Structures are given as C-alpha cells and as structure tokens.
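The values are calculated or read from the model by the stated rules, or taken from the named source; none is laboratory data. What you are looking at is a predicted structure, and each value in this text was computed from that prediction instead of being measured. Don't worry about glycine lacking a Cβ; one is built from the backbone with ideal geometry, like all the others, and counts go over all protein chains shown. When the accessible area is computed, the model is the full protein with side chains, heavy atoms only, and any ligands, DNA or RNA have been set aside. Shrake-Rupley method; radii C 1.70, N 1.55, O 1.52, S 1.80 Å.
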Amino acid sequence: MFGEIFPIIIIAIILIALVVLFTFVPVALWISALAAGVKVGLFTLVGMRLRRVVPSRVINPLIKAYKAGLNVTTNQLEGHYLAGGNVDRVVNALIAAQRANISLTFERAAAIDLAGRDVLEAVQMSVNPKVIETPFIAGIAMDGIEVKALARITVRANIDRLVGGAGEETVIARVGEGVVSTIGSSETHKKVLENPDMISHTVLAKGLDSGTAFEILSIDIADVDIGKNIGAILQTDQAQADKNIAQAKAEERRAMAVALEQEMTAKVEEMRARVVEAEADVPRALAEALRSGKMGVMDYLNYQNINADTDMRDSIGNVTKKDQGSTDNDKK
C-alpha cells in the first residue's frame with residue numbers, strides 16, 4: 001500500500017517544487033535573455049526578487065539595449081530602478097540619442113529622469129524642435145496705442161541644461177517681457193504694424209534662453225492686433241480727476257462763504273438787538289432828564305418834531321420805492 005502511494009507523493013513534491021521555482025525564479029525571462037545573447041545568471045534574478053526588484057523591468061530593457069549596441073550593465077539598470085527611475089524610458093532615450101548621433105551617457109540620462117523630466121521627450125525634441133505659442137502679449141507704444149502680439153517660439157531641448165534649467169514658463173515669460181519692451185520703445189504703433197519682425201529680431205538678440213533647458217531657434221510674430229487707446233483713456237481719467245478736484249475746491253469755497261454769511265448775519269442781528277435795547281433806554285433817559293431839569297419842555301417838543309419828520313421821510317421813501325417797483329414791473 002505504501003509502495004503505491006510513495007511515487008505519487010514524490011511526483012506531488014516535484015510538481016510543488018517546480019511551481020515554486022517557476023514562480024519565484026523567472027525562468028522564462030532567463031531563457032529569453034540567453035536567447036538574446038544577454039548573460040544573466042539565475043542567482044542574479046533570484047537576488048532581484050530578494051531586493052524587491054521586478055526582474056522584467058530590468059532584463060527587458062537590458063535586452064533592448066544589448067540589441068541596440070549600448071554598453072549598459074545590469075547593476076546600472078537595477079540601481080536606477082531602485083532609485084525610483086523609469087528604466088525602460090531611459091533605455092529608449094539612449095537608443096534614440098544614439099540613432100540621432102546625440103551625445104548622451106547613461107548617467108546623464110538617469111539624472112534627467114530622476115530630476116522629473118521626460119528624457120525621451122527631451123531627446124525627441126532635440127531631433128524635432130517644438131513650437132511654443134504664447135498668448136496675446138499687450139504692449140503700449142509711445143503714442144499711447146495698445147498693440148497685442150501673438151508669438152510662436154521654436155525651441156530645441158538642451159540636454160546639458162535639462163537638469164537645473166528653467167522650463168517653458170520661463171521662456172514664455174522672457175519672450176513676453178521682450179515683446180512688451182520692444183513695443184514700448186516704438187515711437188508709434190504704426191511702426192510695429194509695418195515691421196512686426198522688428199519684435200522677433202530684437203527679442204531673439206537678447207539671449208532669452210540663458211539658464212533654461214531649451215535653445216531658442218526662432219521667434220516668429222504670428223499675429224498683431226490693435227487694442228485700446230490707453231493714452232486717451234489716461235488723459236480722460238486725468239481730466240475727470242482734475243474736474244472732481246476743482247468741484248471739491250469750489251464746494252469748499254462755497255461752504256466757507258455760507259459760513260461767513262451766517263457769521264455776518266449773526267453779527268447784524270446782534271447789533272440790531274443792541275440798537276433795540278438802546279432805543280428802549282431812550283424813553284427812560286428822557287423821563288429822567290425831564291425830572292432832573294436837564295431837559296426842558298421845548299427841548300422835548302423839538303425832539304418829537306425831529307422824530308415825526310424822520311418818520312415822514314421814511315414813509316415818503318418807502319412809497320417812492322413801491323412806485324418805482326410798480327413802474328419797473330409795468331415795463332417788464
């Protein structure tokens with residue numbers, strides 16, 4: 001009975017061992033590498049497993065590099081993988097650089113990839129330059145007319161400055177600054193419209209690609225439009241501001257005049273009050289003068305006659321004024 005079961009147990013153990021072997025050790029990948037002429041030991045693949053490296057992520061790019069004639073080692077690719085890089089993309093970039101006769105070492109490509117840039121795209125951009133289109137950039141000529149320009153920048157990747165070099169945003173900002181400066185130095189907007197390539201020549205001569213990851217090949221002005229008359233708007237705003245200031249000063253003077261008039265009116269009323277008060281003292285003074293003998297009866301009568309004469313003259317004057325007013329109204 002045991003003799004019949006023992007072979008079955010042996011076969012099961014062998015099958016389990018084979019399953020574990022083929023699961024833990026990528027034998028198929030090892031065979032593919034040998035068939036491609038890449039010498040990779042089984043223990044090397046097992047070591048990758050132990051170091052938590054996916055063997056296919058390293059061996060497949062290694063086979064690709066070997067077939068392309070690149071001199072890279074397993075340790076280089078594995079180290080780049082452990083550093084968090086994209087091994088396949090780096091190898092593809094090296095192959096593309098070799099085909100385009102661009103000098104690019106594995107260390108430089110790995111550094112560019114670890115810096116967060118797409119090294120393959122950079123190599124492709126070195127072969128096939130990229131066109132960056134800016135938004136409309138507005139500048140104001142000396143005559144106050146706003147000019148809007150649309151620029152197309154043809155750039156090529158600079159492999160040596162990809163690590164630490166500025167990106168597309170910096171290039172667009174520098175070109176925009178150059179366009180605004182060129183338009184602003186033009187005497188009239190008509191010169192910009194007549195000769196738009198003046199902008200591109202002036203901006204290109206400033207070396208705007210310094211410190212960037214690109215080399216500017218050309219700057220072309222695709223479109224030029226006329227905007228607002230900024231000079232006239234500023235003059236209008238200044239005139240409105242001057243008008244508001246003048247109105248404020250006039251209102252201030254009017255308020256001061258009203259205050260002065262009210263002050264004079266108060267003083268006149270005060271003087272009238274004093275006159276009324278003084279007139280009220282006159283009868284008492286006359287009575288006192290009569291009692292004390294300082295004033296006689298004839299003097300008092302003369303005083304009365306003078307007052308009557310004064311009242312009569314005032315009445316005549318008022319009547320004359322009324323008649324003159326009626327005549328003026330009739331004439332109107």
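Numbers for the structure displayed
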| quantity | calculated |
| --- | --- |
| Condition met for ALA122 (farther than 21 Å from ILE59 by Cα, surrounded by fewer than 17 Cβ atoms within 10 Å (Cβ to Cβ), among the aliphatic types (A, V, I, L, M) and at pLDDT below 90) | no |
| Answer from ILE172, ILE216, ILE221 - the residue that is under 30 Å from LEU114 (Cβ atoms) and part of a strand (DSSP E or B) | ILE216 |
| Any chance THR182 is farther than 23 Å from GLY116 by Cα and either in contact (Cβ under 8 Å) with a residue 24 or more places away in the chain or in contact with a Ser or Thr (Cβ under 9 Å, 6 or more places away or on another chain) (or both) | yes |
| Count of residues meeting criterion [of a type in the set (D, E, K, R), at pLDDT 80 or above and in a loop (DSSP other than H, G, I, E, B)] in the stretch 176-207 | 1 |
| Hits in the stretch 148-177 (condition: over 18 Å from LYS130 (Cβ atoms) and more than 19 Å from the chain's Cα centre (by Cα)) | VAL163, GLY164 |
| Residues satisfying the stated conditions in the stretch 89-114, i.e. under 26 Å from ARG52 (Cβ atoms) and either open to solvent by less than 30 Å² (accessible area, probe 1.4 Å) or not in a helix (DSSP H, G or I) (or both) | VAL90, VAL91, ALA93, LEU94, PHE106, ALA109, ALA110, ILE112, ASP113 |
